[in-house]
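A.B. asks: To start, I am sharing the structure in question, which I have written as C-alpha cells.
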Amino acid sequence: MIPVEAYQQSDPLVGAVLDGRYRVDTLIATGGMSGVYRGLDLRLDRPVALKVMDSRYAGDSQFLTRFQREARAVARLKNPGLVAVYDQGIDGQHPFLVMELIEGGTLRELLLERGPMPPHAAAAVLAPVLGGLAVAHREGLVHRDVKPENVLISDDGEVKIADFGLVRAIAEAKITSTSVILGTAAYLSPEQVSTGDASPGSDVYAVGVLTYELLTGDTPFKGDSSLAVAYQRMDHDVPPPSAAIGGVPTEFDELVMRATARHPGDRFADADEMAAELETIVDELGLPPFRVPAPRNSALHQSAAVHHSRLNELAATGDTGRPAPPRRHTRELTRAPDDWRADEPDDEFHGVAHQFAGIDMAEFYWARQRAKRALWFWVLAVLILTGGVAAAAWTLGSHLQELV
C-alpha cells in the first residue's frame, strides 16, 4: 500500500456513505487492488477502517462469493493479534470490508524508520503475529500473505495481523494478473510458487522470512523481477540471519531455518508449534519484555491529521451537525530511531552502546542478566562456605573450652 496524501482532495469516494451506513472520511493508502480509508460507522458512531476493492471486482460473482465467505469466516475469529472484521458489503461498483481501525502504522513503516531489530524486539513482534495466526489455523484458515505491510502496530503497542482471506478471494477471481499473484513474492513458500497451494505451513514459511527480515533489515532473496525472486526459493534455502548480521543468537538461526524449510513436512506444523518454540527461546535467552512502538510518520497518522483538519474546518463553517472531536495528538516516541531499548523499570541500557548491528550480544540485556545471576550464585556460595567455616570454628572453640 502506498500513501497518497495528494489524492485526498480528488478522490471521489471521500465523503460518500457506503451501504447507507459507513462514511468514507480520508484515504490512508492505496494499492493495485484496493484503497484503505479512515471511516465512520454512522449507526454506532464508531471509527472504522474501510478496505474498498477496485470496481473491476464488482462484476465478478466468483470473487464476491469468496469475498463474502472469507469475511464471515474471519469475523468469527477472536484474538488480540488479529484485526477485527466488523462487516462486508457492496455499494454500487465498490465491494468493501469494514475493519477495526488501528491508530498507528505498519511494521513496514517501523522497519523503514528504525532498521533491524535485536532479538527481544523481534520476539515482541512475532509472538502476537503467531498468536493470531494460530487461532486462524485452528479454524482451518490460512492467511497466504504474511508480510510487514499486513502487520499493524497501534500507538498503544498492540501488534495485529490484517487482510485474512483476501488473497484467496482474488486468486480465485476471474480477474487476475502476475502482479497480483506475485506481488509479495519475497514471502511466498515454495509450494505457493510451484502449485499455488497454501497451508498453515505456508504461513509458517512467511513468518520465517519475516523473522529473517526483522533481524537483518532485509529479505533473503533478491532478483530482477518478482518471478525471479519467487523461484529462487525452489532451489535455495533461506540462509541463517547470522550470515547477514553479527550477533544473532543460534536459537534464532535455528528458528528461521526450520520455519523456512523447503519441504513443508520439515517445518513447524502450524503457527501454534512455532509460537511454542519462540516462547522456549525467549525463556532460554532471558529476553526482556518489550513494548513495540508504532511508527511515527505513518500513512495512518498523516490521514488522521487530514481528517481532524477537515472536521475543524467544517465545524468552523457550521457545515457539520456536531462539533469536531478534540484532536488526538500522536504520542511522541522517547527513543531514538535506531534505539530498540527494552521497556524495563531499571533500564540496563543507559550509558551502554546497545546498537544491534556489529555489537557483541553480551552487551544486550539478557546477557547481562545471565552474568548477574552467575555472580549472585558465586556470592551466595561464598557466603554459605564462610558461614559453614564460622559455625565449625565456633563449635570447635566450644569443645576446647569444655576440655579446659
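Throughout, read-outs are computed from the coordinates displayed, never taken from laboratory work. This is a predicted model, so every value here is computed, not measured. In this analysis, Cβ positions are derived from the backbone assuming ideal geometry, glycine residues included, and neighbour counts consider all displayed protein chains.
A.B. asks: Separation between the Asp11 and Arg46 pseudo-spin-labels, each 7 Å from Cα along Cα→Cβ, expressed in nm?
C.D. replies: 2.1
A.B. asks: Then there is this: Can you pick out the pairs among Lys78/Lys222; Lys51/Lys78; Lys160/Lys222 whose Cα atoms lie more than 25 Å from each other?
C.D. replies: Distance filter (> 25 Å) returns Lys78/Lys222; Lys160/Lys222.
A.B. asks: Given 0.36 nm per residue, what is the gain on full extension from Ala228 to Ala276 after removing their alpha carbon distance, in nm?
C.D. replies: Fully extending the segment from Ala228 to Ala276 adds 13.9 nm.
A.B. asks: Right, here's the next one. For Arg76, Arg66, Arg56, what's the fewest-to-most ordering of other Cβ within 10 Å of each Cβ?
C.D. replies: The fewest-first ordering by Cβ neighbours comes to Arg76, Arg56, Arg66.
A.B. asks: How do the peptides 153-161, 40-48, 113-121 rank, highest first, by the average count of neighbouring beta carbon atoms within 10 Å per residue?
C.D. replies: Put in order of decreasing packing, that is 113-121, 153-161, 40-48.
A.B. asks: So between Arg258 and Asp19, what do we pick up on full extension, going 0.36 nm a residue minus the alpha carbon distance?
C.D. replies: 81.4 nm
A.B. asks: Of Tyr57, Tyr37, Pro80, which is farthest towards the positive pole of region 1-124's charge dipole, taken about the Cα centre with +1 and -1 on the beta-carbons of Lys, Arg and Asp, Glu respectively?
C.D. replies: Going by the Cα projections, it comes out as Pro80.
A.B. asks: Using only the alpha-carbon atoms of region 1-150, report the extent along each of the three principal axes, biggest first, to the nearest angstrom.
C.D. replies: Result, largest extent first: 47, 38, 30 Å.
A.B. asks: Further question: Using a cut-off of under 17 Å, list every residue of region 115-147 whose amide N is near the label point 7 Å from the Cα of Asn297 along the Cα-to-beta-carbon line.
C.D. replies: Flagged as within label range: 115-116.
A.B. asks: Any idea what % of Cα-Cα pairs in region 5-285 are farther than 31 Å?
C.D. replies: That tail contains 26 percent of the Cα-Cα pairs.
A.B. asks: Mind listing the phi-derived Karplus ³J(HN,Hα) values for region 99-110, rounded to whole Hz, using 6.51, -1.76 and 1.60 with θ = phi - 60°, and x for any glycine or proline?
C.D. replies: Values, residue by residue: 10, 4, 8, 9, 6, x, x, 9, 4, 4, 5, 5 Hz.
A.B. asks: Also, quick follow-up: On full extension of the chain, what length is gained from Asp266 through Arg56, given 0.36 nm per residue of separation minus the C-alpha to C-alpha distance?
C.D. replies: That works out to 71.6 nm of additional length.
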